[in-house]
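The values are calculated or read from the model by the stated rules, or taken from the named source; none is laboratory data. Predicted, not measured: the structure shown is a model, and the values here were computed from it. Every residue, glycine as well, gets a Cβ built from its backbone with ideal geometry; the counts of neighbours run over all protein chains shown.
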Amino acid sequence: MNARPDVIDCPSCSGAARRMMASPNLGRADKAAMALQDSTRATADRPAVVSSPSPSLRRQNVSRNPLHQKLPRP
């Protein structure tokens, strides 16, 4: 990247074209993806505080079968 020229000739008008560092179209993504990214950034330093776990989380069933105790654990 250091060996690149600072000025090149424009292929369409043959004028001098300077290279510039710019951001790569960060705001042109899908609206849902941008909303997810914005909410992730907003809660990075201020996570939401909850009073209890959500009711959709269920406890995993534990098998009492003695044969299952011999199986390798993950």
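Structure above, values below:
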read-out	value
All positions within region 17-33 that are at pLDDT 85 or above and surrounded by 10 or more Cβ atoms within 10 Å (Cβ to Cβ)	ALA17
Members of region 20-74 that are part of a loop (DSSP other than H, G, I, E, B), farther than 30 Å from ASP6 by Cβ, among the charged types (D, E, K, R) and within 27 Å of the chain's Cα centre (by Cα)	ASP30, ASP45, ARG46
